[in-house]
Amino acid sequence: MSLKKMQSSSEIPAVLVIESAKFQRRSLCRLIRAAGADRVAEAIGIKDAERVLAKDTASHWLVVADPELIGNDGIPALKALADAFPVVGTLLLSHRRANLLGELRGQAERHGLDFIAVLRKPVSAEEMGTLLLQTRRLQIPGRSADTRMRILGKEELSECLRAGGLRARFQPKVDLDTGCPVGCEAAPFVNHANGVLSFASFSQALKQLNAQRVMTASLLRDAAELVGLLRERSLGAKVAVKLGADMLSEAGDAASLDAYVRTLGIAPSDLAFEVTDGTKAASSFTFDDNLARLKVRGYYLALEIAAPAPALGEVALMHFSEIKIRPSGNTPRDWSAVAMSHAELLVSARKLGMAICAVGLRTEGDLDDARRAGFMLGQGDLFASALTAEQAMIWAVREEKARSFADRTPKRNRAS
């Protein structure tokens, strides 16, 4: 029985084949159509794949590719593609012998790539048909098109908040010279009937409910859990929680935050507060005063900015110990150009002895570029995607021992 007779075409994702060799690409497309897929597109590489997916973001896509033919950054490139577009899963193909496929599978798992199988070439129509049938039940929390594109309304979010469904996941941060884990940033997710939804799915509803402080309290609660796990294993990595300008806009905000943190049983030195949108504060005096009070109490303060950089002088920067730069967009970026676009700010930061972190590293090429551009710290899917507290602790323990990113590329140039 053909796959078309077993399920409707709407239940089968569109398939995108990425293959540089024309003959192999066309042969694989014919095989996938024979296996039951109604819609098959093709691309010769990642850039071409981005163009194909950008034309139709409404469809659910299954990506079929041999990562070793994409280049040295094959797995990270496929991960970045899945994060930027509605990709519900990836099928990895390889010419490796069967006993060596486990190594490719392990690499995909380490990078957090959602894949449905790793198959040795050539694949048969029967194998492909079985895998397409599996996509009928494919649900990937926080990654599938259904969950990533789902937008919550006020009522839905309110119900999730009442049920305690707003939880943190953590993305690690690494010292680019040593490979040592130095921190984990808490990111808000909502446990919903449709899956695990990222912040983009409920940011507007959160504003409408004026529940930013509820979200911060939830993130701090989960951050305290991770702090406890890390300290049990004598790991000194700080756990970071974002603070918008609204969280520091009223007199007494710093005292309230500090009081809540202490009820959680952790010390200020265990936490980092990452401040965003500082230039949008209603009262710059109150904002600066709260920052100064948090610093005096022992909190590590980081300033996260996106291109273009805000106009901040050295006086405003003196509260912070770190600058985090997050370029806008999902396309590959030249980190040397990013550093140049923030040159004045980074010179001031280096004068003050601040650490400089590149946010959004996805490939080993990104890692090399960021080091050469003078970034000291790095964060992104190259190291790990958003993890639960338990997963983040396991990752930190492993990387503390392995330092797997320490010797990937030459040491960065520290010259300012």
When CYS357, CYS184 are arranged by how many other beta-carbons sit within 10 Å of their Cβ, fewest first, they go CYS357, CYS184
Amide proton proximity set for GLY183, modelled H, under 5 Å, gap of 5+: LYS173, LYS238
What does region 219-277 give for Rg and for Dmax, in Å, if only its C-alpha atoms count? 12.0, 38
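Taking the Cβ-Cβ separation of ARG213 and SER234 as r and a Förster radius of 45 Å, what is the calculated FRET efficiency to the nearest 0.05?
Result of the calculation: an efficiency of 0.85.
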If I model a spin label at SER256 and ILE394 as a point 7 Å from the Cα along the Cα→Cβ vector, what separation in nanometres do I get? 3.8
Dipole of region 48-90, Cα-centred, from +1 at each Lys and Arg C-beta and -1 at each Asp and Glu C-beta, to the nearest 20 debye? 160
Under 5 Å, built H, 5+ apart or other chain: amide partners of GLY45: GLU19
At each listed q (0.10 Å⁻¹), what is the log10 of I(q)/I(0) that the Debye formula gives for region 150-402 modelled as equal alpha-carbon point scatterers? -0.48
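The numbers here are math on the coordinates, done by the rules we state, and not lab data. As the structure is a prediction and not an experimental result, all values here were calculated from the model. Please note: Cβ atoms are built from the backbone with ideal geometry, for glycine as well, and neighbour counts cover all protein chains shown.
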